[in-house]
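What follows is a short report on a single structure.
Bear in mind that the values in this text are calculations on the coordinates, not laboratory data. Just so you know, these numbers come straight off a predicted model, no measurement behind them. Quick reminder, even Gly has a Cβ in these numbers, built from the backbone with ideal geometry, and neighbours come from all protein chains shown.
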Amino acid sequence: EASQIPQRVLFYKSFMSNGSADRILIEQELHKALANEEFYLDFQPQVNLKTGKIESVEALVRWRHPTRGFVSPELFIPIAEESGLIIPLGKWILETACSQANTWKEQGLPPMKVAVNLSIGQLFQQDLVYMVQEILQRTKLEPQYLQLEITESMTMNIDHITQLLHELKAIGIQIAVDDFGTGYSSLSYLKDFPIDCLKIDRAFVRNIQHNTNDEALVSMILSMAKHLRLKVVAEGIEEVEQLAFLINGDCDYIQGYLFSKPVSAEQIFNNFNELHNR
Ligand code: C2E
Ligand code: CA
Ligand code: CA
Ligand code: CA
């Protein structure tokens, strides 16, 4: 029984019941982790369903702790948020992802867009727009190859979000709404925000073959996105039946274990031709 509970859940449970002592420790360790280069990025391909090709990857941060081993971002990102470390960590993630995208290009891969998750703390960062611009210049990545992912709940908590997103769009980058449909927000922001892409959360896709309500919701999102001229990425695709449904519904991109787990930059490069020609 216990072996079926994912490791991260067990860790999370023990972490919560330990009260704050362990948490404070983790917070201290997080600060050292950046200087000690314990973070790295994995990348998960997003496959264009029309062409079958990888046109973009999502960067996902990883923390290899010297004694705890792998610590899930679902655990440490919230702590990084609360402690303010998300600002330097977020900058490192953005810079590393952009520089990697440029490295792949220099290695001869076709241009690939890299999607980078933003945290809410970064949206409050005064110099966010300047920082993005400066990183693009320094890493020599053309802006259209960077996509920033924000969530609905983040947008609800920021007053100046419309202006901020317009400023980011003005640089020439893309903006995606992550975990779409899980934020309990009204849909009205879709007409105000300069958004390029919706990412349908895995929660809706998971039971698509068995649940007619989920089917109806996903179909609705796909047709709405089409009318609004937004691209759609379906997340967490694990089964061919899910894939078939999405192809049928004219979804643009899929991302999920069925095609590839998040992998290292080297694996993206090494497997590119194989993956690309599948
Ligand atoms: P997210 O942005 O929604 O990222 C997608 C998560 O789903 C990733 O988990 C990915 O590994 C996982 N996933 C992808 N395909 C499948 C699938 O087919 N099945 C299942 N079961 N899972 C799949 P990961 O890497 O553990 O990240 C969890 C969350 O942590 C992310 O959710 C995001 O909210 C946060 N996160 C990860 N990396 C970063 C980062 O660089 N910056 C920030 N701010 N947050 C990050
Ligand atoms: Ca994401
Ligand atoms: Ca997501
Ligand atoms: Ca998520």
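Among the lysines, which fall within straight-line cross-link reach of residue 199, defined as a Cα-Cα distance under 30 Å, with same-chain neighbours fewer than 8 residues apart omitted?
13, 50, 53, 91, 105, 113, 140, 169, 191, 226, 231, 261
Relative to the present Cα-Cα distance, how much length would full extension add between residue 271 and residue 48 at 0.36 nm per residue of separation?
Net length gain for the segment: 78.6 nm.
About the Cα centre of the range 223-278, what is the dipole size in debye to 20, counting +1 per Lys and Arg Cβ and -1 per Asp and Glu Cβ, all else neutral?
My answer is approximately 260 debye.
Could you work out how far the C-alpha centroid of the range 127-145 sits from that of the range 55-118, in angstrom?
15
What's the magnitude of the charge dipole for the range 40-176 around its Cα centre, counting Lys and Arg as +1 and Asp and Glu as -1 at the beta-carbon? Answer in Debye, nearest 20.
500
For the peptides 176-186, 134-144, what is the packing order when you average, over each peptide's residues, the other Cβ atoms within 10 Å and list the highest mean first?
Taking the mean over residues of other Cβ atoms within 10 Å, the ranking is 176-186, 134-144.
For residue 58, what charge total do you get from the other residues with a beta carbon under 11 Å from its beta carbon, if Lys and Arg give +1 and Asp and Glu give -1?
Result for the neighbourhood of residue 58: -2.
How large is the helix-only mean residue ellipticity at 222 nm for the chain, computed as the sum of -39500 (n - 2.57) over DSSP H runs with n ≥ 4, divided by its residue count, in deg cm²/dmol to the nearest 500?
Numbers: 13 runs with 136 residues, N = 278.
After summing the helix terms and dividing by residue count, I get -14500 deg cm²/dmol.
Sort the following peptides by mean Cβ neighbour count (other Cβ atoms within 10 Å, averaged over residues), highest first: 71-78, 207-214.
71-78, 207-214
Can you bin every Cα-Cα distance in the chain into 5 Å intervals starting at zero and give me the percent of pairs per bin, rounded to whole numbers?
Reading upward from the zero bin: 1, 5, 12, 15, 17, 18, 15, 10, 5, 1, 0.
Run through the DSSP bridge list for the chain and note the antiparallel percent, rounded to the nearest 5.
40
Which one, 158, 61, 43, projects farthest toward the positive side of the charge dipole computed for the chain from Cβ point charges (K/R +1, D/E -1)?
The one lying farthest along the dipole's positive direction is 43.
Applying 1/(1 + (r/R0)^6) with R0 = 25 Å to the Cβ-Cβ distance of residue 130 and residue 191, what FRET efficiency is obtained, to the nearest 0.05?
Efficiency, from the Cβ-Cβ distance: 0.35.
Go ahead and run the numbers for FRET between residue 75 and residue 238, Cβ-Cβ distance against an R0 of 25 Å, rounding to 0.05.
0.65
If I model a spin label as a point 7 Å beyond the Cα along the Cα-Cβ vector, how far apart are those points for residue 209 and residue 258 in nm?
With each label point 7 Å from Cα toward Cβ, the separation is 0.9 nm.
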